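The structure under discussion appears below in the form of structure tokens.
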Amino acid sequence: MTLADALLAAFGLLALGAALAVVTTDRIVRAGLWLAVAFAGIAGAALVLAAEFLAWVLVLVYVGAIVVLLLFATMLTKAPTDPSDDLDRARWPGAVVAGGVGLALAAVMTGAFGWTRTEARGAGDAAAMGEAVFSEWVLPFEVLSLLLLSALVGAVAVSTRSR
């Protein structure tokens, strides 16, 4: 086992543990903070795989925008952040579904790619990634920015509405 394998396993376990904390915590703000840790673990794994551009996009877009938007929307709407007794449900159906989906995804990925090693082709090439984003992916990029902007405007509108 090389150092890269150990780091990849560590970042994977960090992301998996944080993801489990996201779905098991009973407070929305803590779930948002654990989500930031999960995204940071995924970005660390991308750094180990020599995909620096992808890692920084994960940090900037997901941790820097989506998690912050989630936390600001929660705080601006003055939503209750305490645990609620009426939302207490059985967790085993969700665990069964999540386990089944995880096993199916592992089977599909193993069947498609096997256990072979492949060389990374331009994974960290920022010039090629920028060319693709601003040529063939410009419309989804702009739609995503409008979606995030409308969510932030909606959070401000809901928070300032008189009761």
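The values are calculated or read from the model by the stated rules, or taken from the named source; none is laboratory data. These figures come from a predicted structure and were not determined experimentally. Methodologically, a virtual Cβ is constructed for each residue, glycine included, from the backbone with ideal geometry; neighbour enumeration extends over all protein chains shown.
A few comments on the model shown:
- Residue within the range 25-41 that is among the polar types (S, T, N, Q) and farther than 18 Å from residue 155 by Cβ present: yes
- The residue of the range 25-43 that is surrounded by the most Cβ atoms within 10 Å (Cβ to Cβ), among those that are in contact (Cβ under 8 Å) with a residue 40 or more places away in the chain and part of a helix (DSSP H, G or I), is 32.
Yes or no, residue by residue, for (1) modelled with pLDDT under 80; (2) over 19 Å from residue 49 (Cα atoms):
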{"residue": "121", "(1), (2)": "yes, no"}
{"residue": "127", "(1), (2)": "yes, no"}
{"residue": "135", "(1), (2)": "no, yes"}
{"residue": "139", "(1), (2)": "no, yes"}
{"residue": "149", "(1), (2)": "no, yes"}
{"residue": "152", "(1), (2)": "yes, yes"}
{"residue": "158", "(1), (2)": "yes, yes"}
{"residue": "162", "(1), (2)": "yes, yes"}
